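Accompanying notes for the structure given below.
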Amino acid sequence: MAQPNRRTGKTLRLKPRHVLGGTIVALLIIGGSWVMAASFAITQGSTETGSGVYHGTTALTYWTEASAGVATQPGTAPTALSVTVGTPTVLAAAATNYAVNAWTLNDIGHFWKFTEATTAPVSTEVELQIAVSTGSPATVTNVAVYIETQATAPGAALTFTLWYDLGSPATATITLNSVTQVSEQCTGIGACP
């Protein structure tokens, strides 16, 4: 594509890689789900308070987000999700908690609840790309975790809760600036983009 330069009058050619880069980003957004909780802050006190904005878009048809939020992490330490492509965590046959990062009882955690439909393809790997921005100035942590649907389709829809540990409530303030999550089905076990 050629465009004239206003200052020199010469014709400029745009390089195709710019168009390709935009196309790749568009395909990733179309192929997965994108979720963000923006400007969310929790302040310590006699009662924890929070504020923020939540936006969601289309998810994989069989792996949809039911809800997301911030709460005190419950009970027994959940199974840590695999961070290795090709060796995903196989989803349980019942609703279960999973840890995205190192987990501590009673820490404050950001959670996502995902519902797996009975129509989920069996033995299929899904990559979850998670970016969490905390603190001021902001520190962004990027994590990719891998799950695998069961070898037999579930008889009823199952809801799984994924926890990202934000830290101890004993700190003066926990600031969660933003969270982004993208889910993408892999073409085969160990074949995630």
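Things worth noting here:
- Condition check for VAL70: modelled with pLDDT of 55 or more, assigned to a strand (DSSP E or B) and β-branched (Val, Ile, Thr): yes
- SER46 out of contact with any His (no Cβ under 8 Å at 6 or more places or on another chain), at positive phi and at pLDDT below 90: no
- Residue match in segment 112-127 (condition: aliphatic (A, V, I, L, M) and out of contact with any Ser or Thr (no Cβ under 9 Å at 6 or more places or on another chain)): no
- For PHE111, the conditions (1) without any contact (Cβ under 8 Å) to a residue 60 or more places away in the chain; (2) assigned to a loop (DSSP other than H, G, I, E, B) are fulfilled apart from (2).
- Any chance VAL35 is touching a strand residue (DSSP E or B) at 6+ places or on another chain (Cβ under 9 Å), surrounded by 17 or more Cβ atoms within 10 Å (Cβ to Cβ), at pLDDT 55 or above and part of a strand (DSSP E or B): no
- All conditions in (1) out of contact with any His (no Cβ under 9 Å at 6 or more places or on another chain); (2) at pLDDT below 90; (3) over 23 Å from ILE147 (Cα atoms); (4) of a type in the set (A, V, I, L, M) hold for ILE108, with the sole exception of (2).
- Selection from segment 135-170 of residues that are farther than 16 Å from THR79 by Cβ, part of a strand (DSSP E or B) and aliphatic (A, V, I, L, M): VAL140, ALA144, LEU166
- Candidate set: segment 122-134, residues that are among the aliphatic types (A, V, I, L, M) and closer than 26 Å to THR76 by Cβ; chosen: the one surrounded by the most Cβ atoms within 10 Å (Cβ to Cβ): VAL126
- Residue match in segment 150-158 (condition: within 18 Å of VAL83 (Cβ to Cβ) and of a type in the set (A, V, I, L, M)): no
- Output for segment 81-98, where each listed residue is part of a loop (DSSP other than H, G, I, E, B) and under 15 Å from the mean Cα position of the chain (by Cα): LEU81, VAL83
- Criterion: surrounded by 14 or more Cβ atoms within 10 Å (Cβ to Cβ) and modelled with pLDDT under 90 - qualifying residue of THR171, THR187, THR180, THR149: THR180
- Every residue from segment 152-168 that is buried (at least 17 other Cβ atoms within 10 Å of the Cβ) and under 30 Å from THR119 (Cα atoms): PRO154, LEU158, PHE160, THR161, LEU162, TRP163, TYR164
The values are calculated or read from the model by the stated rules, or taken from the named source; none is laboratory data. Keep in mind the model is a prediction, meaning the values are calculated, not measured. Here Cβ is always computed from backbone atoms with ideal geometry, including for glycine, and neighbour counts include all displayed protein chains.
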